[in-house]
Amino acid sequence: SHGQVVKTVDLRHNQEFTIEGSNGSYNVITVENGKIAVTNASCPDHYCMKRGFCNSGTEIVCLPNRMTIRFLGEQKIDAIIG
């Protein structure tokens, strides 16, 4: 089951923000040149950061922090984080 959507991101606008979890966890998200990536995270494995910058494809997931970035479609160039 998907959690709550905390942010909808337009990948056309470069930005950086932090998603904070309930247990003090965090993921720093960076949008650059139409792509999105996790650029810093409190999780132990940093698997979410290894995906690098993406604008489509499979979800970017941080299991320890229960954070998922989903891509909504090529035309909208949007991502949902929750």
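The values are calculated or read from the model by the stated rules, or taken from the named source; none is laboratory data. Small disclaimer: the values here were computed from a predicted structure and weren't measured. Neighbour counts are summed over all protein chains in view; Cβ atoms, including those assigned to glycine, are modelled from backbone coordinates with ideal geometry. The area values use the complete protein model at the heavy-atom level, side chains included, leaving out ligands, DNA and RNA. Shrake-Rupley method; radii C 1.70, N 1.55, O 1.52, S 1.80 Å.
When restricted to residues that are aliphatic (A, V, I, L, M) and more than 18 Å from His13 (Cα to Cα), segment 27-69 contains 6.
Can you give me the number of residues within segment 19-39 that are surrounded by 11 or more Cβ atoms within 10 Å (Cβ to Cβ) and either of a type in the set (Ser, Thr, Tyr) or in contact with a His (Cβ under 9 Å, 6 or more places away or on another chain) (or both)? Lay out the reasoning, then the answer.
Let us first name the residues in segment 19-39 that are surrounded by 11 or more Cβ atoms within 10 Å (Cβ to Cβ), namely 19-21, 25-32, 34-39.
Imposing the further condition that a residue be either of a type in the set (Ser, Thr, Tyr) or in contact with a His (Cβ under 9 Å, 6 or more places away or on another chain) (or both) reduces the set to 25-26, 30-31, 38-39.
Total satisfying the criteria: 6.
What do you reckon, is Val6 among the aliphatic types (A, V, I, L, M), under 12 Å from Met67 (Cα atoms) and open to solvent by 70 Å² or more (accessible area, probe 1.4 Å)? For Val6, the condition - among the aliphatic types (A, V, I, L, M), under 12 Å from Met67 (Cα atoms) and open to solvent by 70 Å² or more (accessible area, probe 1.4 Å) - is met.
For segment 40-69, give me each residue that is open to solvent by less than 70 Å² (accessible area, probe 1.4 Å), under 17 Å from Gln4 (Cβ atoms) and not β-branched (Val, Ile, Thr). Passing the criteria: Cys62, Asn65, Met67. For segment 11-26, a residue qualifies if it is at pLDDT 90 or above and either of a type outside the set (Ser, Thr, Tyr) or out of contact with any Ser or Thr (no Cβ under 7 Å at 6 or more places or on another chain) (or both), and the qualifying residues are Leu11, Arg12, His13, Asn14, Gln15, Glu16, Phe17, Thr18, Ile19, Glu20, Gly24.
Residues being open to solvent by less than 70 Å² (accessible area, probe 1.4 Å) and either modelled with pLDDT of 90 or more or farther than 23 Å from Asn23 by Cα (or both): count how many of those fall in segment 71-82. Lay out the reasoning, then the answer.
Going through segment 71-82, the residues open to solvent by less than 70 Å² (accessible area, probe 1.4 Å) turn out to be 71, 73, 77-82.
Then keep just the ones that are either modelled with pLDDT of 90 or more or farther than 23 Å from Asn23 by Cα (or both); that gives 71, 73, 77-79.
Selection size over segment 71-82: 5.
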